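Here the structure comes first, spelled out in structure tokens, and everything after it is commentary.
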Amino acid sequence: MHVTILADASHCPDTRAGGYGYWIASERGKKRGSGPFKGRVINSTVAEMMAIANSLYEAVRHNLVLENDCILFQTDCEAAIFAFTGKRSVTQEEGKVVSYVKKVVRGMKLTVSYKHVKGHTSNNQARFAANNACDRAARKAMRKARNLVRIEDAKRLLNSSRVHHETVS
């Protein structure tokens, strides 16, 4: 069966918070979703790669991808495509994401291909509209993640100043 997965990410370079959005479509059904990344993400390319990995996880979890399926990943990040297809060397963090995706692909005997979709366009064709929807969902999830990071940082700062104050007093 052929499955199309569109994925996009949003990344805040200041807090290193990130979020992702996805759209999965096949004859078995359709699913869209989003979420914040756990922890901090080193850069936007890793975030885009994690968006692809997370969308694959969701596709498998919801039985939209089964063994021997053919998957077309669509993303607006050429660097992610080149990393997954071995057309460029990868960093250690990128390598972890590539390894995860390859493990799932091998284990489920999937056939995968990648297609670049121009992001942030007003083109109304389905894949561009879906990519724009993924982009909006990713930004919303990133803002949620960024708020959580800022709260965590504020708590850490508050606790460290209390410890400093108690040791000085």
Could you give the angle, 0 to 90 degrees to the nearest 10, between helix 126-168's Cα long axis and the longest principal axis of the Cα atoms of the chain?
20 degrees
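When a/c is below 1.5 the answer is rounded, else prolate if a/b is larger than b/c, else oblate, so apply that to the range 33-143 with a ≥ b ≥ c taken from the square roots of the Cα gyration tensor eigenvalues. Don't skip to the answer; put the middle values down first.
Numbers: a/c = 1.37, a/b = 1.17, b/c = 1.18.
Rounded, because the longest to shortest axis ratio a/c is under 1.5.
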Using only Cα atoms and rounding to the nearest 10 degrees, what angle (0 to 90) does helix 44-61 make with the longest principal axis of the chain?
60 degrees
Taking LYS155 as the anchor, which aspartates and glutamates have their alpha carbon closer than 18 Å to its alpha carbon, excluding any fewer than eight residues away along the same chain?
ASP14, GLU166
How much mean residue ellipticity at 222 nm does the chain get from its helices, if each DSSP H run of length 4 or more adds -39500 (n - 2.57) and you divide by all residues, to the nearest 500 deg cm²/dmol?
-17500 deg cm²/dmol
What is the range 1-88's relative contact order, in percent, from Cα pairs under 8 angstrom and six or more apart in sequence?
36 percent
Would you kindly find the accessible area of VAL112, with a 1.4 Å probe and non-protein molecules such as ligands, DNA and RNA excluded, rounding to the nearest 10 Å²?
50 Å²
Counting only heavy atoms of the protein chains, get the accessible area per residue of the chain (1.4 Å probe) and round it to a whole Å² value.
57 Å²
How much of the accessible area of the chain, in percent, comes from carbon and sulfur atoms when a 1.4 Å probe is used?
51 percent
May I ask you to list the GluC sites (Glu not before Pro) in the range 44-81 that are in a DSSP loop and have at most 12 other Cβ atoms within 10 Å of their Cβ?
GLU67
Hey, rough spin-label estimate for ALA129 and LYS155, points 7 angstrom out along Cα→Cβ, what's it come to in nanometres?
4.2 nm
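The values are calculated or read from the model by the stated rules, or taken from the named source; none is laboratory data. This is a predicted model, so every value here is computed, not measured. Cβ atoms come from the backbone with ideal geometry, glycine included; neighbour counts cover every protein chain shown. Calculation scope for accessible area: heavy atoms of the full protein, side chains included, ligands and nucleic acids excluded. Shrake-Rupley method; radii C 1.70, N 1.55, O 1.52, S 1.80 Å.
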